[in-house]
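The values are calculated or read from the model by the stated rules, or taken from the named source; none is laboratory data. On a predicted model such as this, the values are computed, not experimentally measured, just so you know. Note: ideal-geometry Cβ built from the backbone for every residue, glycine included; neighbour counts use all protein chains shown.
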Amino acid sequence: MTSRRQALGALTAASYQRVLGANDRVQVGFIGYGLIGRQHVSDFKNQKDVDLAAMCEAHQPRLEEGMQEMSPNAKAYRDFRKMYENKDLQAIVVSTPDHWHALHTILACAAGKDVYVEKPLTVFIDEGKWMVKAARRYKRVVQMGTQQRSGLHYQKGRQLVRDGYLGKVVNVRMHATRNIMPGFGKFPEGTAPSELDYDMWLGPAPKRPYQQLRSLYHFRWFWDYSGGQMTNLGAHHIDIMQWIMGVKGPSMVSSVGGRLALDADGEVPDTQDAIFQYPGFTALCSLREVAVGRRAPGLEFLGTKGSMVIDRGGFEILPEMKIDPNNAVPQFKGHSSGGVQRSNTKPTPYIQPMKEPGSSDQQFDLHVRNFLDCIKSRQKPISDVEDGPQITTACHLANISLRLGGRSVRWDADKETIVGDAEAAAMMRRPYRKPWDRVLEELKLV
Ligand SMILES: NC(=O)c1ccc[n+]([C@@H]2O[C@H](COP(=O)([O-])OP(=O)(O)OC[C@H]3O[C@@H](n4cnc5c(N)ncnc54)[C@H](O)[C@@H]3O)[C@@H](O)[C@H]2O)c1
């Protein structure tokens with residue numbers, strides 16, 4: 001029988017950390033040394049007040065590779081619960097697949113650690129509520145890995161929009177397109193390689209036979225572990241969109257799409273479009289895995305006086321032209337009497353164009369720095385855990401609509417609930433697999 005200790009482990013060691021001074025070194029433990037885990041080890045290494053004190057990996061070769069980058073005397077772990085029992089650690093960096101983010105964060109908070117957790121925060125809506133509850137109850141600093149917010153040009157662009165430079169922003173367009181046809185292949189089900197602790201990798205997700213794409217990196221193509229590109233790339237766009245526009249969430253979302261062309265293992269759509277209704281503006285998100293076409297800007301804010309295209313490399317603001325509205329009316333052979341008459345008014349720009357560069361590396365460094373500073377000041381970080389559910393929820397609502405055949409889903413952002421649709425509302429929560437289902441009850445989060 002599964003005991004509480006097996007599920008929770010670290011909780012028996014729960015201890016609150018002393019507040020660190022500005023000159024103290026922060027002892028950091030890392031879970032996950034994959035694509036972004038490597039990046040974060042390097043990001044934290046760039047900081048002068050950090051000891052890379054522990055590494056946890058479910059994959060033995062990755063654990064060994066990661067350990068080579070750690071500080072002298074760092075400890076290696078295969079089971080994160082053991083790492084959480086290490087009282088020397090003040091902070092945990094969670095770079096595991098999406099289906100682990102909530103539990104890795106909640107248990108770290110309960111063990112008295114501050115947390116830097118990768119986006120998307122969750123695989124289903126209710127997880128975000130539990131994460132916020134745990135972070136606040138245990139008084140932890142939890143930074144989400146939406147590092148774009150730390151980019152100086154993103155902050156400047158945000159200020160310009162908020163100051164009304166673009167006029168009234170009525171629409172935001174988001175795109176993420178590439179062509180990966182025919183996909184990453186088809187593989188038979190089999191036994192997991194001995195170097196991977198597949199049961200630990202699966203964690204709270206349903207037990208499924210191992211299959212090559214159901215693990216390292218490629219977990220993104222399966223609903224059990226991910227919300228597809230909507231929560232992967234879409235989450236970055238939606239984060240910046242909601243942060244700049246200062247909104248908690250959409251009031252209505254609908255989405256269509258499917259796996260239309262990819263010939264590879266996986267479930268999530270290769271083509272998806274979502275429409276979001278926000279208070280005072282609309283937003284569109286188009287995700288393409290199998291066709292690029294004429295490349296559209298990643299993120300574009302359309303205002304009545306100008307538009308702003310913004311990505312990790314910088315932003316560009318283009319003015320709208322002030323015209324006589326009569327001159328926009330088609331003429332063909334001219335209007336008959338009483339019809340619209342054109343004037344000689346020349347178009348003039350509403351605002352000055354503007355350009356600002358940005359850098360992806362700088363965004364990671366500043367985001368990590370902000371986390372470390374907040375560990376010491378106990379302030380909320382720039383991507384505080386409270387913002388995370390709002391972003392990820394917008395993505396999940398789009399996926400719920402898609403999986404229900406495209407019907408509109410209404411959302412009450414204040415009450416954090418789906419309105420008037422029991423079937424959609426039931427998709428806000430999924431069960432955790434044993435023994436992980438014990439965690440929420442034991443911590444009284446549900
Ligand atoms: N912020 C960004 O720009 C950005 C970029 C890439 C990925 N990400 C996010 O980072 C997360 C990880 O993505 P990735 O591409 O690095 O994945 P990955 O598969 O390359 O790496 C994840 C690692 O976590 C390990 N792992 C899984 N469960 C574990 C457990 N219970 N204990 C210890 N180790 C465990 C795996 O073995 C694997 O090595 C995803 O949620 C993704 O959305 C963010």
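Among all positions in the range 54-65, there is no residue which is in a loop (DSSP other than H, G, I, E, B) and polar (S, T, N, Q).
Does Ala108 fit the bill of being outside any strand (DSSP E or B) and within 16 Å of the ligand (Cβ to nearest atom)? When the stated conditions are applied, Ala108 passes them.
Return the residues of the range 78-93 that are more than 8 Å from the ligand (Cβ to nearest atom) and in contact with a strand residue (DSSP E or B) (Cβ under 9 Å, 6 or more places away or on another chain); say none if nothing qualifies. Once the filter is applied, which keeps residues that are more than 8 Å from the ligand (Cβ to nearest atom) and in contact with a strand residue (DSSP E or B) (Cβ under 9 Å, 6 or more places away or on another chain), the range 78-93 yields Lys82, Met83, Tyr84, Asn86, Asp88, Leu89, Gln90, Ala91, Ile92, Val93.
Residues in the range 25-53 that are acidic (Asp, Glu) and assigned to a helix (DSSP H, G or I): Asp43 only.
Are there helices (runs of 4 or more DSSP H) fully within the range 147-255 with at least 2 residues that are more than 16 Å from the ligand (Cβ to nearest atom) and outside the structural domain of Glu118 (by TED's automatic domain parsing)? List them.
Passing ranges, in order: 152-162, 228-245.
Every test in (1) away from the ligand (no atom under 16 Å from the Cβ); (2) modelled with pLDDT of 95 or more; (3) under 21 Å from Tyr278 (Cα atoms) is passed by Gln379 save one, and that test is (3). Taken together, the residues in the range 256-268 that are away from the ligand (no atom under 16 Å from the Cβ) and surrounded by 21 or more Cβ atoms within 10 Å (Cβ to Cβ) amount to 1.
Of all residues in the range 407-446, those satisfying the criterion of being over 27 Å from Arg208 (Cα atoms), among the charged types (D, E, K, R) and exposed (fewer than 12 other Cβ atoms within 10 Å of the Cβ) are Asp414, Lys415, Lys444. Remark: pairs (first residue in the range 178-194, more than 24 Å from Gly298 (Cα to Cα) and modelled with pLDDT of 95 or more; second residue polar (S, T, N, Q) and surrounded by 11 or more Cβ atoms within 10 Å (Cβ to Cβ); Cβ separation under 6 Å; 6+ apart in sequence or on different chains) = Phe187/Gln211; Phe187/Gln212; Glu189/Gln211. No other residue among Glu57, Glu69, Glu65 is within 9 Å of the ligand (Cβ to nearest atom) and touching a residue at least 12 places away in the same chain (Cβ under 8 Å) apart from Glu57. Taken over the range 7-51, the criterion of being modelled with pLDDT under 95 and within 14 Å of the ligand (Cβ to nearest atom) is satisfied by Ala7, Gly9, Ala10.
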